[in-house]
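The values are calculated or read from the model by the stated rules, or taken from the named source; none is laboratory data. This one's a predicted model, so the numbers in the text were calculated from it and none came from an experiment. Positions of Cβ are backbone-derived with ideal geometry, glycine not excepted, and every protein chain shown enters the neighbour counts.
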Amino acid sequence: MSVVLEISLPVFGLILCGYVAGITGILGKQSAAALNGFVFYFALPALLFGFTAQAPLIVILNWNFIGSIFFGSLATYIVALIIGWSVFGFRLPIIGIAALSSVFANTGYLGIPLFLTAFGPDQAGPAIVATVTVNIVFVGGTICFLELAGNNKATPAATMINVFRALAKNPLISAPVLALPFTIFGIQLPVLASRFLDLLGSAAAPAALFAIGMSFVERTVKSRQREIGVFVLIKMLVHPFFTWVMVTYFFELESFWASSAILLSALPTAAMAFVIAQEKGAYVGEVSSTIVLTTIISVVTISALLVIFPN
């Protein structure tokens, strides 16, 4: 119970505050977009860059952890593709977007604040590594998959260029990648730069959680509830289960990193899946519903996992 009160309540309480602010309109009509822009382009990149630049290389390039996240998510992605194709008759681009919503955990906006609150800034490594891994592999992979399958005129080279551009424009990927030389070569950040990044990055956790709450005002649970329910279950049960299999039987990890992999896989669907759905003009309402439902369910599941796993 103390874990729920000390960690889950503040985290999900901030999300609730954001929802109240959004539904009452107390901060104005453009506040949600402005706050989201601040988090996405400034606060979270500053946090990611600062942590990556100053963290030991063994933390950033923890290959067993990356492998457990990758293969646990890949197995889930394949299951979602099979179910979407054989059970619901999905075809492109819907099947790719539905599968993405089953593996794209909200490690950035929710995972990083959760780890900062639960374990402190020195233990945020798993959330940051998972954020980069999932964004590069599955967002990039899904975009590539949809581009190649949906555009017969697109060459593989042109598709890869488009994917690279999309990933490079994502500051949650580019910020830690740009910081890698500092940790690889042991370069110390100047004191002024470090303080600036710490100050700006410290706003990331509360602002990101508040932004999640505000985004719910425009999201509703649509029809096709059977389909949505299946993919919600895949995200909240199958995804963490496959990750548990990976850390238990295939990848040797320290207890904290193993628990972190499962916890991060149990996070709800990230809003980036909705952005991709909008860009492709497919499955938009269903992905929005998946985000809402998985986030609501995560109030219980994340609290339970925090009790089960050692800090």
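Quick look at the numbers
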item: Filter pass, V275 being assigned to a helix (DSSP H, G or I), surrounded by fewer than 23 Cβ atoms within 10 Å (Cβ to Cβ) and not polar (S, T, N, Q); result: yes
item: Matching option when the condition is within 28 Å of K169 (Cα to Cα), out of contact with any helix residue (DSSP H, G or I) (no Cβ under 6 Å at 6 or more places or on another chain) and without any contact (Cβ under 8 Å) to a residue 40 or more places away in the chain, among Q54, Q30; result: Q30
item: Filter pass, T24 being farther than 18 Å from E218 by Cα, among the hydroxyl-bearing types (S, T, Y) and modelled with pLDDT of 90 or more; result: no
item: Filter result for the condition that a residue is more than 19 Å from V284 (Cβ to Cβ), in contact with a helix residue (DSSP H, G or I) (Cβ under 8 Å, 6 or more places away or on another chain) and at pLDDT 90 or above, over P126, P121; result: P126
item: Test: A99 is under 24 Å from N36 (Cβ atoms), in a helix (DSSP H, G or I) and at pLDDT 90 or above; result: no
item: Residue check for I136: among the β-branched types (V, I, T), touching a residue at least 24 places away in the same chain (Cβ under 8 Å), within 24 Å of N36 (Cβ to Cβ) and surrounded by fewer than 20 Cβ atoms within 10 Å (Cβ to Cβ); result: yes
item: Residue check, L74 hydrophobic (A, V, I, L, M, F, W, C), more than 28 Å from G213 (Cα to Cα) and surrounded by fewer than 16 Cβ atoms within 10 Å (Cβ to Cβ); result: no
item: Condition check for F88: assigned to a loop (DSSP other than H, G, I, E, B), closer than 29 Å to M236 by Cβ and at pLDDT below 90; result: yes
item: Tally, over the range 182-201, of residues that are within 24 Å of the chain's Cα centre (by Cα) and without any contact (Cβ under 8 Å) to a residue 60 or more places away in the chain; result: 1
item: Sole exception among (1) in a helix (DSSP H, G or I); (2) over 26 Å from T301 (Cα atoms) for T117, by number; result: (2)
item: Sole exception among (1) in a helix (DSSP H, G or I); (2) modelled with pLDDT under 95; (3) surrounded by 14 or more Cβ atoms within 10 Å (Cβ to Cβ) for G229, by number; result: (3)
item: Set L305, L263: member being surrounded by 21 or more Cβ atoms within 10 Å (Cβ to Cβ) and under 18 Å from I234 (Cβ atoms); result: L263
item: Whichever residue in the range 148-171 is charged (D, E, K, R) and at pLDDT 70 or above and, among such residues, is farthest from L44 (Cα to Cα); result: R165
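Yes/no per residue for (1) free of Cβ contacts under 8 Å to residues at least 40 places away in the same chain; (2) farther than 16 Å from G72 by Cβ:
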residue: I262; (1), (2): no, no
residue: S265; (1), (2): no, no
residue: Q278; (1), (2): yes, yes
residue: A282; (1), (2): no, yes
residue: S288; (1), (2): no, yes
residue: I291; (1), (2): no, yes
residue: I297; (1), (2): no, yes
residue: V300; (1), (2): yes, yes
residue: L306; (1), (2): no, yes
